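Remarks on the structure that follows.
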Amino acid sequence: MRHHSFQFVAGVYDCAMGRNKTKRNKFWRPKGRPISPQARLEMESLLKNETPQRELLIEFLHLIQDQYGCLRKAHLLALAEWMNLAPVEVYEVATFYHHFDVLEDDEQNPATLTVRVCDSISCMLAGAEKLIEELENSSLPDRVRIQRVPCVGRCDTAPVAVVGQQPVSCASPQRIEQVIEEKQHSCPDLPAALETYIKEGGYDFYRACLAGEHSTEDIIQTLADANLRGLGGAGFPVGRKWQILSQQSKPRWIAVNIDEGEPGTFKDRHELEQQPHALLEGLLIAAWAIESTQCVLYVRDEYPAILASLKTEIEALREWAEFPLPELQIRRGAGAYICGEESAMLESIEGKRGLPRQRPPYIAEQGLYGLPTLEHNAETLMWVPEILRNGVDWYQSYGAHGRSGLRRYSLSGRVNNPGVYLAPAGTTVRELIEDYAGGMLEGHEFYGYLPGGASGGILPATLGDEPLDFDTLQKHGCFIGSAAVIVFSRHDRARDIALNAMQFFAHESCGQCTPCRVGTVRASEIMQQAVWPGEELETLCCVMEDASICGLGQAAPNPLRCVVKYFSHEVSDA
Amino acid sequence: MSTINIEVDGQTLEANPGQMLIEVTDQAGIHIPRFCYHPKLSIAANCRMCLVDVEKAPKPLPACATPVNDGMVVRTQSERARSAQNGTMEFLLINHPLDCPICDQGGECPLQDQSIEYGANASRYHENKRQVKNDDIGPLIATWMTRCIQCTRCVRFSEEIAGVMELGMVGRGEHSMIKTHPDGEATPDQVGAALCSSVNSEVSGNVIELCPVGALTARPSKYAARVWEMQNHAQISPHDCVGANLNVQTLRGEIIRAMVRENHQVNGYWLADRDRYGYESVYADTRLKRPMIKDQSGWREVGWETALRHAAAGLNTVKQRDGATKMGALANPSRTVEELFLLQKLMRVLGSDNVDHRLRQDDFRDDLLAPLYPGSELEIIQFESLDRVLLLGSNIRKEQPLLGVALRQAAVNNAASISAINMLDYDFHFPLANTHIVSPGDMVTSLANVAVAVSGITGVSLDADIQKRATDTNAQEQAIAASLLSGDAKNKAIIMGASALNHFEASALSAISAWICEQIGAKLVKLPEANSAGAWLAGCVPHRAEHGKEVAKTGLNAKAMLAKPLSAYLLYDLEPGLDASRSGEALSSLETADFVVQCAAFVSDEAMNYADVLLPIAHYTENSGTYINCEGRVQASRAAADPFGEARPGWKVLRVLGNYLELEGFDYIDLADVQDDYVLGDEQIVSQSGASVNDSPVKIDSKAIYRYVETPMYRLDASLRHAAALQQTMDTPTPAVGLNEKTLVGLGLAAGAEVSVRQGEIELKLLLELDNRLPDNQAFIPAGYAETSSLSGYEPITLEAG
């Protein structure tokens, strides 16, 4: 009888693990290492004022990244020990977010200064590729790290680079070099805003609420009548959301989404740079109305100035306010578009990887830490005090082409004056270009536009007179989303824009569910072919749309399908 | 709760509100494809394979994450459902390598099976597939991560069931992959490293079966056989008192690997690594191939007849010269009831009641009061619903891994309050409400103090014997009593583990535990090793014959048999130098004895010194027979292969030895004949109370350093010690001396250096380690190693540098 099995097995160990065969007490042992005492000391001193709360893991990772410029395994191990977490749990989270540089032991620290160059749609139209190529071929890479990044929310000044935390508008290699030389790499301070806000009657309405001059029912009714809808993109009616929340068990959380990562969107940044208190008052009113005492604001890491400003303004508010405030926490994102998805954001606030949750249960029922949660985009909350102060009629008096209300459009691309424009809901792209943005750039002819950032689809100029609002574009396979309107001209190809969008989705997919993880990558590979294989792509689109867990995968096919539908001449061999 | 009705594929099904659709269809036998869903794991809904068509839903919904509603209408085979399933399948295959012909999972692969039903014949996507580097995650699990479909079953298992998150999903998007914590090279002699990049859980092998593709497969059997060529043999794992059900698989008569056989009364979906990889010793090069005898010229291989004649003659000589009572038989408790029954019968017909299997036990004073067998008053399935638990001298996680998993479920899902009185601060995978670490000499006092506290809270008067052993109840003891009595919890237990049962005052611990159980309405759970229940019921104890039958005169127990040499020993699958807690004494007695017959599956160095005849018996996987677990469940195991070399099934060897000894009643033809010779039903355990606290406490010198002894989980018996992969895991540490910091400093010794350990005449050198899990003055020196076999039991030792 042969017994090759044993011998074979022994052979596997010997070659695969380098087992030392000499003596039993010298045999192969599982790999692993004790925590380096130095790393342990470094963590202890870095975290001496902190308490090891699980939900603060991402904040702690930021502390390490900011201090050491990267995340070393020794530090991650020491952090895991300090937080009493499994090391792989820390590792999982650290590798999920792009702003953390998790390094191998033999890898050198990245350069102390990073120049991030946006390569998303608006910047691409403005020549980001050329800029990146020039930077990479210059002498800069010897001194700084050049990194391509997705949209940094400054599409009005495309192409954009960010040196450290200092944004460079209309960036050129020379401008970037100049900023590097100036050695001002922290983010610029935003002006104090509380005083102005109070002067203009700020917080009066909230105080009136506290004084019992308004009832929650009235307020919810007002918001419902005004037909204010969620302006992060999904457009869920605000009044109804508050209604649902006020029927849930207590305690209830409020989470504010300041993670606008949709390429082309910069309205929240624009508004918050000018007046953060509109958001804060809206938040306070919401907390009062749904009887929540705990609020958390999630700010994307690309907006350090806003993060700092919110901290100081909340501090100022605390000092000034003679009325009670709910608990206001601020959390810092770490470079993940997916965390703009409401449930992924809650996961991230809990200190985990930003994986969108399967619904049901809806977050209004089981949200942050499993408790009922009201989530709002920043702009939505900014409208709350304004509408309540001025009334439904005032808000409803605006509107164009049969729509009503007001919206902030982030307009970028081939126009003379890109920027955030407050315009009546239902304004068409042609009106935005001509009446607000000073027309197309010289020498550029309007060819098409993206009504709602990368995920909202692409429309041709022939559909440039469609009113832009919720529910008006479905019939064309598009949606307005966060009203990030990107205009492109005959100098551009819609297929390049669609490819850029798909690559963005592949880069930003959390990887949790099969359709999105696989579909976005395959689609962006196939979309590089000169002639697109229609049937294959349509299958990919169907599976992504039908089977993805969250909006990212479900909406990812939109630009692709729009190209096939409206710009088929670009991708067929005819 | 009232049930609701849903309609699936035209069939009306009854369901509970809130149930997930897939649970309902599974119960009804309607197949919905899936990869990430597993009934014992949390719902991830990430593979998207179980999409079904639900009426009024705008899109197909995942059956695993869709709660049922009254009147819901579901179609699993409609165009929309099928196209969603087919689409997902195509996506899964886009990145999955087409290497089924060389994949160990091939033939039992859910991805392969479901791709036949839901996949297309050819892929429409020709782009390069994703490639992922493989990690070495230890000796038990082979990785091939390019095959991974990111279902996260393994991650959820490690976090939710094994209790230690050792695997995680790292990175994001298409770059996400399953990994352990990153790590560099091993440091040369890393002892007790807390953080490792290998997967070290004692139940880690389950991820192999959970993995729906070939990304995680069994490493020892890598490439050894194709699934469809193998035959299944239903076996029972003999390594602990759970009796996990498994299938041992063979290829052309050769054992290749073991997989779980689901039994929801016993092991559920899981196996401990010990159950799964213990088979590996069957073809160890240390297997005893032929009978051997020792004569003037030394050892030589002989035929069976010569060996048996030699054995019978030797035993008869001793019997005639010194009397049968100078002979004794000792058995490995992991053997089958049939073998243990025949062994004791052989001894008793020879005229000796010196039969025992308890080589690690120290206190036998309550033998006559003991129930039919030591076991659990609680059924295994009830462990998960426990509310209040006291672990007494138990490292349940390593001693009974699957009961540890169940207890963890009680802690996590049931918020059970678990306390422990232990002699070592074990690393549990569940939170403990109270941890009371005491030295062995204080165990009885501590438990008696808990009894005092219980009596104080309940107002029941305390047993006088218990009162005598109590001192002042401290805060922890008070807290343990309060925890056991808190709330209106119904499911309570005191669990006595190996170090309580092997304690030198086990009888007192047992009696006090029984008293407390009675007062608080708890069950007493004794978790002895292996098939101990079977050994007791087979009569393999000195004071009772099979099924508790009284014997005329109680024989010597294992400790007594080995403390003073007998003239002859019959050892059954034992290496007492490694299997006895008083191993030093055992070895010297065996070496002094005139005649030692050793029935063994493995050759051992120690047997070559003391034995006179070696009779090769079947490895447990080659053996048919019966095991009885701690709840009294009688389970049959069937031989998976012919015995190796000239080895024979143990019962046959004993039968023929009986014939050669010309004993009556050894004319069995087959195993069923043996089974007919004793009565065995589903054994009900009788109440364990009634034992009394012995009032002659063992004297402990409070100033001396004592050797604290335990046997690591993969050193418990010969079949484990020879299993190659298990020996390479973290649970098989290099033998060393452990001392806590205070004791170390008190002795002026430094960890990391060699020390000489002295116990009486014995002196040996071992590495010294810092082990702060220990109480003061306790030196942890494990048993189960040749390096430490000359030491005996819990005795004072001296330690000197160098």
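Data table
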{"quantity": "Rounded, prolate or oblate (a/c below 1.5 giving rounded, otherwise prolate when a/b exceeds b/c) for the stretch A:406-492 by Cα gyration tensor", "calculated": "oblate"}
{"quantity": "For q = 0.08, 0.12 Å⁻¹, Debye-computed log10 I/I(0) when each Cα of chain A counts as one equal scatterer", "calculated": "-0.59, -1.26"}
{"quantity": "DSSP beta bridges in the protein assembly as shown [antiparallel fraction, %, rounded to 5]", "calculated": "50 percent"}
{"quantity": "With Cα atoms, 0 to 90° folded angle of helix A:557-566 axis to chain A main axis", "calculated": "60 degrees"}
{"quantity": "Protein heavy-atom accessible area occluded, B/A pair - total, 1.4 Å probe, Å²", "calculated": "6600 Å²"}
{"quantity": "Surface accessible to a 1.4 Å probe, per residue, for the residues of the stretch A:112-260, Å²", "calculated": "46 Å²"}
{"quantity": "Highest to lowest packing among B:528-541, A:560-573, scored as the average C-beta count within 10 Å", "calculated": "B:528-541, A:560-573"}
{"quantity": "Alpha-carbon Rg/Rh ratio, for the protein assembly as shown, with Rh computed the Kirkwood way", "calculated": "1.03"}
{"quantity": "For chain B, size of Cβ-based charge dipole, Lys and Arg +1, Asp and Glu -1, in debye", "calculated": "840 debye"}
{"quantity": "Per residue value of the accessible surface for the stretch B:373-489 (all protein chains in place, 1.4 Å probe), Å²", "calculated": "33 Å²"}
{"quantity": "From phi via Karplus (6.51, -1.76, 1.60), per-residue ³J(HN,Hα) for the stretch B:262-269 in Hz, x at Gly/Pro", "calculated": "4, 8, 6, 8, 10, 9, x, 8"}
{"quantity": "Drop in accessible area of at least 30 Å² in the complex versus isolated chain, residues of the stretch A:487-534, 1.4 Å probe", "calculated": "A:Q512, A:T514, A:R517, A:V518, A:V521, A:R522"}
{"quantity": "³J(HN,Hα), Karplus 6.51/-1.76/1.60, whole Hz, each residue of the stretch A:157-165, x for Gly, Pro", "calculated": "10, 5, x, 10, 10, 10, 9, x, 10"}
{"quantity": "Distance from the stretch B:28-82 to the stretch A:557-574 (C-alpha centre basis), Å", "calculated": "33 Å"}
{"quantity": "Threshold 20 Å², the stretch B:128-176 residues less accessible with all protein chains present than alone (1.4 Å probe)", "calculated": "B:D136, B:P139, B:Q150, B:M165, B:M169, B:V170, B:G171, B:R172, B:G173, B:E174"}
{"quantity": "Chain A, dipole about Cα centre (Lys/Arg Cβ +1, Asp/Glu Cβ -1), debye to the nearest 20", "calculated": "2460 debye"}
{"quantity": "Rg/Rh ratio calculated on Cα atoms of the stretch A:194-390 (Kirkwood radius)", "calculated": "0.93"}
{"quantity": "The protein assembly as shown - charge dipole about Cα centre, Lys and Arg +1 at Cβ, Asp and Glu -1, debye rounded to 20", "calculated": "2020 debye"}
{"quantity": "Degrees separating the helix A:494-508 axis from the principal Cα axis of chain A, which is the longest one", "calculated": "50 degrees"}
{"quantity": "Using alpha-carbon coordinates, inclination of helix A:57-68 to the longest axis of chain A, degrees", "calculated": "70 degrees"}
{"quantity": "Accessible carbon and sulfur surface of the stretch A:406-492 relative to its total accessible area, %, 1.4 Å", "calculated": "47 percent"}
{"quantity": "Per DSSP, loop GluC sites (Glu not before Pro) in the stretch B:596-674 with at most 12 further Cβ within 10 Å", "calculated": "B:E662, B:E664"}
{"quantity": "The stretch B:768-794 versus the stretch B:406-427: alpha-carbon centroid distance in Å", "calculated": "25 Å"}
{"quantity": "Debye intensity ratio in log₁₀ form over the Cα atoms of the stretch B:214-306, taken at each q of 0.23 Å⁻¹", "calculated": "-1.16"}
{"quantity": "Accessible surface of chain B, 1.4 Å probe, proportion on carbon and sulfur as whole %", "calculated": "49 percent"}
{"quantity": "222 nm mean residue ellipticity, helices alone, for the protein assembly as shown (DSSP H n ≥ 4; -39,500 (n - 2.57); rounded to 500)", "calculated": "-9500 deg cm²/dmol"}
{"quantity": "DSSP beta bridges in chain A [antiparallel fraction, %, rounded to 5]", "calculated": "40 percent"}
{"quantity": "Distance histogram for the stretch A:147-206 (every C-alpha pair counted, 10 angstrom bins, percent rounded to whole numbers)", "calculated": "19, 36, 18, 20, 6"}
{"quantity": "Solvent-accessible area, 1.4 Å probe, carbon plus sulfur percent, for the stretch A:113-181", "calculated": "46 percent"}
{"quantity": "Where only C-alpha atoms are counted, convex hull volume of the stretch A:113-181 per residue in Å³", "calculated": "66 Å³"}
{"quantity": "Net lengthening on full extension, B:I43/B:R758 (0.36 nm per residue, minus Cα-Cα)", "calculated": "251.8 nm"}
{"quantity": "Cα gyration tensor, chain B - rounded (a/c under 1.5), prolate or oblate", "calculated": "prolate"}
{"quantity": "Label-point separation, A:K199 to B:D642 (7 Å along Cα→Cβ), nm", "calculated": "10.1 nm"}
{"quantity": "Cα-based shape type of the stretch B:4-94, given that a ≥ b ≥ c are square roots of the gyration tensor eigenvalues and the cut on a/c is 1.5", "calculated": "oblate"}
{"quantity": "Ranked by how many other beta carbons lie within 10 Å on average, peptides A:514-521, B:514-521 from highest", "calculated": "A:514-521, B:514-521"}
{"quantity": "Rounded accessible area per residue of the stretch A:409-517, 1.4 Å, Å²", "calculated": "29 Å²"}
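The values are calculated or read from the model by the stated rules, or taken from the named source; none is laboratory data. Computed from a prediction, not measured in an experiment: that's the story for all the values here. Virtual Cβ from ideal backbone geometry, glycine too; neighbours counted across all protein chains shown. Remember, those area values only see protein heavy atoms, side chains included, never the ligands or the DNA or RNA. Shrake-Rupley method; radii C 1.70, N 1.55, O 1.52, S 1.80 Å.
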